[in-house]
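Here the structure is laid out as structure tokens; the discussion comes afterwards.
All of the numbers you see were taken from the coordinates with simple rules; none came from a lab. Note that the structure is predicted; figures quoted are calculated from it, not measured. Note that each Cβ is placed from the backbone with ideal geometry, even for glycine, and that neighbours are counted across all protein chains shown.
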Amino acid sequence: MNYTRKDWLLAGLSGTALLVILALLVILMQQIVVNGAPVVSGEFLTGSPSADMTGGGIWPAIYGTVFMTLLMTLAGVPVGVATAIYLTEYASSRSRLAQAVRIAVNNLAGVPSIVFGLFGLGFFVLFIGSSMDQLLYGDTSTPVWGKPSILWASLTLAVLTLPVVIVTTEEALRQVPRELREASLALGATKFQTVYKVVLPNAVGGILTGVILAVSRGAGEVAPIIFVGAANFLPYLPTDLRDMFMHLGYHVYALATQSPNVDAAKPTLFGTVLVLLTLTFTLNFLAIVIRSRTRATRA
Amino acid sequence: MQLPRTVKMQTRGVNIFYGETQAIKGVDLDIYDKTVTAFIGPSGCGKSTFLRALNRMNDTIEACRVKGDIQLDGYNVYGKGVDPVEVRRRVGMVFQKSNPFPKSIFENVAFGLRIAGMKDKDEVAQRVEESLKGAALWDELKDRLLESALGLSGGQQQRLCIARTLAVRPDVILMDEPTSALDPIATARIEELLRELKQKYTIVIVTHSMQQAARVSDSTAFFYMGELIEYGDTETMFTRPSQKKTEEYITGRFG
């Protein structure tokens with residue numbers, strides 16, 4: 001291939017951009033790995049944090065993050081996928097409802113995460129939670145449901161990741177060629193059968209990728225859970241939906257700002273960050289692997 | 001002497017609109033049982049649109065409106081309360097570009113049976129074999145049934161789509177330019193298949209090749225700009241057409 005001068009210029013500029021990004025990543029990771037790796041050990045991963053917020057293990061934070069992420073996924077993914085299926089397969093192109101949903105989803109995607117936190121507090125904790133207390137116990141002075149908990153935090157994050165799930169699922173469904181739907185209908189399948197037996201199986205790869213990316217994002221968000229359920233320190237593991245929980249991302253925030261002795265907490269801080277990043281990177285890597293695997297088996 | 005032919009499908013006064021545009025104007029046509037009927041005409045004349053109306057595939061297009069009477073064995077296909085799903089089981093369709101599902105060969109052919117609720121494994125297997133034989137694919141593929149359908153050649157894929165349609169035992173098979181994406185050898189095999197299939201099924205084929213229409217069909221309908229210009233016995237149409245437009249198209253004056 002013969003490159004003109006303009007080609008070299010473009011290659012050079014975009015190559016430089018690539019190097020800048022890589023450099024930033026390396027610098028970031030280097031700090032974290034150098035300071036965090038020595039701290040991460042078997043005890044660190046399985047032990048409880050020390051009450052003085054400077055050291056100890058992060059097991060409750062890992063447990064809390066996983067528990068919350070699971071709840072968030074269970075709550076958000078079915079709703080998101082179902083919405084996307086409706087928008088792509090069933091709504092007519094002129095449907096006002098579909099247009100309204102699309103606008104709502106786009107706006108939701110742009111809402112800052114701290115605002116989601118306030119929403120979670122105001123709507124889930126104070127409105128729904130208190131109403132439940134009123135209905136079930138007739139008194140809201142000692143709140144049972146009307147206080148921050150892992151349930152409300154999970155639901156808040158489910159709402160936050162909803163736009164990602166919807167958009168990526170829609171995209172995955174759109175990739176399924178029209179001819180396959182026509183072939184199915186021409187054989188006497190109903191629309192539901194076509195969606196269930198032809199479209200969805202074909203779109204599973206894309207949907208799964210989107211779900212994993214959404215989950216990865218939700219697992220790392222801190223702002224929405226600050227006043228909706230995350231705790232600085234808990235002497236117990238959450239076993240009930242009404243319990244509060246510790247969380248890796250929140251733990252980083254707590255160690256950096258709420259600890260009485262931030263310098264002593266530094267090693268633990270870096271260790272926590274390293275674990276959190278490993279978790280996120282693994283999830284993203286998983287998404288990439290699934291993407292390439294399912295691409296190979298499609299038409 | 002020709003035996004009297006029964007009418008399998010009948011259309012009267014069919015008009016089809018895409019939004020404001022009228023694609024088909026007032027078509028009256030009789031399709032005879034166990035024959036091959038060809039629709040010919042220049043691009044954009046509406047022959048595919050009309051074909052798709054026969055099994056209500058136009059229902060899937062939002063802006064499309066079909067008016068008029070289309071009957072299958074005397075029953076109005078667009079009648080009130082008629083389920084298009086039922087219609088499509090009796091009137092199957094093979095498309096221009098073969099569209100096998102990204103599943104195994106067996107599952108492709110079994111698809112129509114499974115959605116119709118056939119549960120008995122042996123029955124399904126038997127129908128699949130029968131259908132693949134009917135599409136002249138059994139000998140080639142009987143040891144490869146679990147392989148992906150996407151690994152087949154273009155001609156094999158198209159015959160697989162035909163087998164898939166045969167599995168639900170339709171009365172009528174519609175084919176929308178089934179060989180236009182295939183090489184001459186694959187085309188010849190499919191045309192040979194059509195000659196066999198018409199003994200059991202009623203076939204309607206849209207083709208942009210007049211030669212193909214002359215080779216395979218018993219009756220031919222010539223469409224031009226949404227109107228049915230002439231319809232009759234194929235041999236007569238091609239040797240002594242009664243309409244000037246027909247003659248011009250056949251002799252290549254335009255098209």
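Summary of values
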{"quantity": "Dipole of the protein assembly as shown, positive direction: furthest Cα of B:G74, B:V216, B:Y18, with charges on the beta-carbon", "calculated": "B:V216"}
{"quantity": "Relative contact order (percent, whole number), chain A, Cα cutoff 8 Å, 6+ residue spacing", "calculated": "28 percent"}
{"quantity": "Normalised contact order of segment B:17-166, rounded percent, pairs of Cα under 8 Å and 6 or more residues apart", "calculated": "22 percent"}
{"quantity": "Using a Förster distance of 22 Å, the FRET efficiency for A:T278-A:L24 (Cβ separation, nearest 0.05)", "calculated": "0.75"}
{"quantity": "Distance from segment A:69-110 to segment B:171-233 (C-alpha centre basis), Å", "calculated": "44 Å"}
{"quantity": "Phi-based couplings in Hz for segment B:167-183 (Karplus 6.51, -1.76, 1.60; Gly and Pro marked x)", "calculated": "4, 8, 6, x, 8, 10, 10, 9, 10, 9, 6, x, 10, 5, 9, 10, 6"}
{"quantity": "222 nm mean residue ellipticity, helices alone, for chain A (DSSP H n ≥ 4; -39,500 (n - 2.57); rounded to 500)", "calculated": "-22000 deg cm²/dmol"}
{"quantity": "Chain A - Rg (one decimal) and Dmax (whole number), Cα, Å", "calculated": "23.1, 80"}
{"quantity": "Nearest-20 debye value, chain B charge dipole, Cβ charges on Lys, Arg, Asp, Glu", "calculated": "280 debye"}
{"quantity": "Point-charge dipole on Cβ atoms (K/R +1, D/E -1) for segment A:1-109, about Cα centre, debye to 20", "calculated": "660 debye"}
{"quantity": "Three-way shape call for segment B:114-206 based on the alpha-carbon gyration tensor, with the a/c threshold at 1.5", "calculated": "oblate"}
{"quantity": "Percentage relative contact order, chain B, counting C-alpha pairs under 8 Å, at least six apart", "calculated": "27 percent"}
{"quantity": "Candidate lysines - alpha carbon under 20 Å from B:K97, same-chain residues fewer than 8 apart omitted", "calculated": "B:K47"}
{"quantity": "Spatial separation of Cα centroids for segment A:240-299 and segment A:1-62, in angstrom", "calculated": "13 Å"}
{"quantity": "Pairwise centroid distance, computed over Cα atoms, of segment B:7-54 with segment A:127-162, Å", "calculated": "62 Å"}
{"quantity": "Helix-only CD estimate at 222 nm, as mean residue ellipticity for chain B, using -39500 (n - 2.57) per DSSP H run (n ≥ 4)", "calculated": "-10500 deg cm²/dmol"}
{"quantity": "Residue among A:L274, A:G220, A:A37 farthest towards the positive dipole end of segment A:37-297, charges placed on Cβ", "calculated": "A:G220"}
{"quantity": "Coordinate range along principal axes, alpha carbons of the protein assembly as shown, Å, largest first", "calculated": "106, 72, 50"}
{"quantity": "Whole-Hz ³J(HN,Hα) from phi, Karplus 6.51 cos²θ - 1.76 cosθ + 1.60, for segment B:120-132, glycine and proline x", "calculated": "5, 4, 5, 4, 4, 4, 5, 5, 4, 4, 4, 5, 5"}
{"quantity": "Rounded to whole Hz, the Karplus (6.51, -1.76, 1.60) HN-Hα couplings of segment B:35-52, x for glycine and proline", "calculated": "9, 10, 10, 10, 9, 10, x, x, 4, x, 7, x, 5, 5, 4, 5, 4, 5"}
{"quantity": "Among B:V206, B:G112, B:Q156 - extreme Cα towards positive end, dipole of segment B:7-250, charges at beta-carbon", "calculated": "B:G112"}
{"quantity": "DSSP beta bridge pairing in the protein assembly as shown, given as percent antiparallel to the nearest 5", "calculated": "60 percent"}
{"quantity": "Eligible lysines near B:K200 by straight Cα distance, threshold 22 Å, same-chain separation 8 or greater", "calculated": "B:K8, B:K34, B:K133"}
{"quantity": "Where only alpha carbons of segment B:7-250 are counted, the Rg and the Dmax (Å)", "calculated": "18.0, 56"}
{"quantity": "Charged-residue dipole, Cβ positions (Lys, Arg, Asp, Glu), chain A about Cα centre, Debye nearest 20", "calculated": "1280 debye"}
